[in-house]
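Below is one structure, written out as structure tokens; comments come after it.
Values quoted throughout were computed directly from the atomic coordinates according to the rules given, and no laboratory measurement underlies them. Because the structure is a prediction, the values reported are computed rather than measured. Note: ideal-geometry Cβ built from the backbone for every residue, glycine included; neighbour counts use all protein chains shown.
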Amino acid sequence: MWQKFRDELHDQGLEVVTVGLETSGPEACRPYIEAANPEHPSLIDQYHKTAELFGFVNIPNAVWIDEQGIIVRPAEAAPGPTSIERKAGSALSGFEPPQHLLDIMGEASKIETSPADYEAAIRDWVANGPDSEFALSPEEVVARSQPRDADAARGQAHFELAAHLEGLGHHDDAIPHYREAHRLVPDNFSYKRQAWSLEPSGGGLDGPITRFWQGPVEGQEDAWPYQGDWLTDVREMGAENYYPKWVP
């Protein structure tokens, strides 16, 4: 989807760079990148450094960076362009989803984004550059960026330590640091998704797609090492609040 959008606008100056935030390393992202066969840069960020630098707290998030390397829109939800035809077929074809997965899909359907408005804004920026009404001044970018307090800094430190331990193969030792990162920065779903995706999933699907439907396995809830999971957390916050409202 983003590959086709980039191809359409590349001659006008648009470049897309995708980043997979994945503590467990490149193999977890490889199937998706190879399936997409992208011509744009597709990176893997094992330690979530781009999230730290740009303020990504969920997926998909994006920043806009101009030709001079200046951020003209800070991290915000980045829904895929609606004008690009989706690939036919579904990972659920021929599969009878368990109730847990149906519940997740029900909550996911309530998540609110503004894909058409967001795509129109990108197109306007590509066409008009710094004169686009959607390209913000440095002062506006700073004002819209999420502030980071001491808890956020400590949460980042715990997450980095967890990622380091995970990379060394010490998963059980990483869990307390993931938990502390979740406690200190409860709105950061990137931290949560990363930790949840490393556990056996109750999503009811085998293979990489389970990484998007994380939760305790039915009957084994006591083995789930985290206070929350995707379905529980989204229900508590309200699916309509999953992404901040898009502001032009």
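Details
- Helical contribution to [θ] at 222 nm, DSSP H n ≥ 4, -39,500 (n - 2.57), averaged over the chain, rounded to 500: -12000 deg cm²/dmol
- Rounded if a/c under 1.5, otherwise prolate or oblate - region 103-233, Cα gyration tensor axes: oblate
- Label-point separation in nm, ASP7 to TRP246, each point 7 Å along Cα→Cβ: 2.3 nm
- Value of relative contact order over region 118-203, rounded to a whole percent, pairs C-alpha under 8 Å and six or more apart: 20 percent
- Debye equation applied to the C-alpha atoms of region 26-85, log10 I(q)/I(0) at 0.26 Å⁻¹: -1.29
- Cβ-defined net charge surrounding GLY20, 10 Å radius [Lys, Arg +1; Asp, Glu -1]: -1
- Annotation: amide H-H contacts under 5 Å for ILE44 (H modelled 1.01 Å from N, sequence separation of 5 or more, or interchain): GLY20.
- Of all DSSP beta bridges in the chain, antiparallel share, percent nearest 5: 50 percent
- Stretch gain in nm, segment GLN99-SER114, where the contour uses 0.36 nm per residue and the Cα spacing is subtracted: 2.5 nm
- Between ARG235 and ARG154, the FRET efficiency estimated from the beta carbon spacing at R0 = 35 angstrom works out to 0.80.
- Prolate/oblate/rounded call for region 1-53, Cα gyration tensor, a/c under 1.5 rounded: oblate
- Convex hull volume per residue for the chain, taking Cα atoms only, in Å³: 135 Å³
- Distance between modelled label sites at GLU133 and ALA223, nm, 7 Å Cα→Cβ extension: 5.5 nm
- For the pair LEU14 and ARG179, a Förster radius of 45 Å applied to the C-beta separation gives a FRET efficiency near 0.65, rounded to the nearest 0.05.
- The amide H of ASN61, built 1.01 Å from its N in the peptide plane, has ALA78 as neighbours under 5 Å, considering only residues 5 or more places off or on other chains.
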